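Down below is the structure, laid out as structure tokens.
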């Protein structure tokens, strides 16, 4: 990974002009999705092939080809926001798990993730934060980190 949470070789906002051909949007999105999520991203997109292949294309083109490529925030900041949004929505376990792993992939520390989830308590309530923290614990244990860090 590059510095400031940017995937290696990819500068967030690099070449942003606001409009790209559809093929360029997909290519740019696919490149970034693979760098951020590794094989998990490709599996997620492929999981929609049998029922709604356009959904996978929309995710790649819009979320990763457009939104994640915008200037102004690095990938670590974008993942913290994504995690907070998923915590706030609730009932997003699979997506939250993917984005917690991605946050770690782009350089977030376990402690940053835990603190971001805790920060949501006054805004979304204890039940959603408790559910999110359970998922974070599972992700961190799978990756071999407790998330306790230094306080």
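The values are calculated or read from the model by the stated rules, or taken from the named source; none is laboratory data. Here the structure is a predicted model, which means the values were calculated and not measured. Methodologically, a virtual Cβ is constructed for each residue, glycine included, from the backbone with ideal geometry; neighbour enumeration extends over all protein chains shown.
Of the residues 88, 132, 50, 38, which single one is at negative phi and either in contact with a strand residue (DSSP E or B) (Cβ under 7 Å, 6 or more places away or on another chain) or in the same structural domain as residue 23 (by TED's automatic domain parsing) (or both)?
Of 88, 132, 50, 38, the one residue that is at negative phi and either in contact with a strand residue (DSSP E or B) (Cβ under 7 Å, 6 or more places away or on another chain) or in the same structural domain as residue 23 (by TED's automatic domain parsing) (or both) is 50.
Those residues that are in a loop (DSSP other than H, G, I, E, B) and more than 24 Å from residue 23 (Cβ to Cβ), I need them from region 52-97; list them, please.
Those that are in a loop (DSSP other than H, G, I, E, B) and more than 24 Å from residue 23 (Cβ to Cβ): 72, 73, 74, 90, 91, 92.
Matching residues to (1) within 28 Å of residue 137 (Cα to Cα); (2) in contact with a helix residue (DSSP H, G or I) (Cβ under 7 Å, 6 or more places away or on another chain):
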| site | (1), (2) |
| --- | --- |
| 47 | yes, no |
| 52 | no, no |
| 58 | no, no |
| 66 | no, yes |
| 69 | no, yes |
| 74 | yes, yes |
| 87 | yes, yes |
| 97 | yes, yes |
| 109 | yes, no |
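One residue is enough: does region 119-139 have a residue meeting the conditions assigned to a helix (DSSP H, G or I) and under 10 Å from the mean Cα position of the chain (by Cα)?
Within region 119-139, none of the residues are assigned to a helix (DSSP H, G or I) and under 10 Å from the mean Cα position of the chain (by Cα).
Conditions: (1) within 17 Å of residue 44 (Cβ to Cβ); (2) outside the structural domain of residue 39 (by TED's automatic domain parsing). Residue 122 meets all but one. Number of the miss?
(1)
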